[in-house]
Amino acid sequence: MSMENSIRVVQEWYNETSKTALQDALREERYYGERDGIKQTRLETAQEMLKDNMAIDTIIKYTKLPKQEILSLRS
């Protein structure tokens, strides 16, 4: 393989690797953004449920939040 071909192969590999890495990063950012949004919605729902004096077990059931996290919203 000539030097020019070797350089071309390395450049193609680098470009493809960079493209894949960027796509992975964007997917990960989108995933964590959606996950954070879901978590925020659950916290807001739990706060409203607490205001309505709903039982902690009911809040846990519908929000899927841990008990300690729900209790921390009381203050």
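The values are calculated or read from the model by the stated rules, or taken from the named source; none is laboratory data. Because the structure is a prediction, the values reported are computed rather than measured. Positions of Cβ are backbone-derived with ideal geometry, glycine not excepted, and every protein chain shown enters the neighbour counts.
Do we have residue 17 as under 18 Å from residue 64 (Cβ atoms), among the β-branched types (Val, Ile, Thr) and either surrounded by fewer than 10 Cβ atoms within 10 Å (Cβ to Cβ) or out of contact with any Pro (no Cβ under 6 Å at 6 or more places or on another chain) (or both) here? Give the derivation first.
Numbers: under 18 Å from residue 64 (Cβ atoms): no; among the β-branched types (Val, Ile, Thr): yes; either surrounded by fewer than 10 Cβ atoms within 10 Å (Cβ to Cβ) or out of contact with any Pro (no Cβ under 6 Å at 6 or more places or on another chain) (or both): yes.
Considered against the rule, which asks whether it is under 18 Å from residue 64 (Cβ atoms), among the β-branched types (Val, Ile, Thr) and either surrounded by fewer than 10 Cβ atoms within 10 Å (Cβ to Cβ) or out of contact with any Pro (no Cβ under 6 Å at 6 or more places or on another chain) (or both), residue 17 comes out as no.
Quick check: is even one residue across the range 30-51 out of contact with any helix residue (DSSP H, G or I) (no Cβ under 6 Å at 6 or more places or on another chain) and loosely packed, with under 10 Cβ neighbours inside 10 Å?
Residues of the range 30-51 that are out of contact with any helix residue (DSSP H, G or I) (no Cβ under 6 Å at 6 or more places or on another chain), as a first pass: 30-41, 43-44, 47-48, 50-51.
With the extra rule that they be loosely packed, with under 10 Cβ neighbours inside 10 Å, the set shrinks to 51.
Yes, some residue in the range 30-51 is out of contact with any helix residue (DSSP H, G or I) (no Cβ under 6 Å at 6 or more places or on another chain) and loosely packed, with under 10 Cβ neighbours inside 10 Å.
Which one of these does residue 4 not meet: (1) loosely packed, with under 10 Cβ neighbours inside 10 Å; (2) in contact with a Ser or Thr (Cβ under 7 Å, 6 or more places away or on another chain)?
With respect to (1) loosely packed, with under 10 Cβ neighbours inside 10 Å; (2) in contact with a Ser or Thr (Cβ under 7 Å, 6 or more places away or on another chain), residue 4 is out only on (2).
Quick test of your reading of the structure: residue 1 fulfils all but one of (1) touching a helix residue (DSSP H, G or I) at 6+ places or on another chain (Cβ under 9 Å); (2) modelled with pLDDT of 95 or more. Name the failing condition by number.
Single failed check for residue 1: (2).
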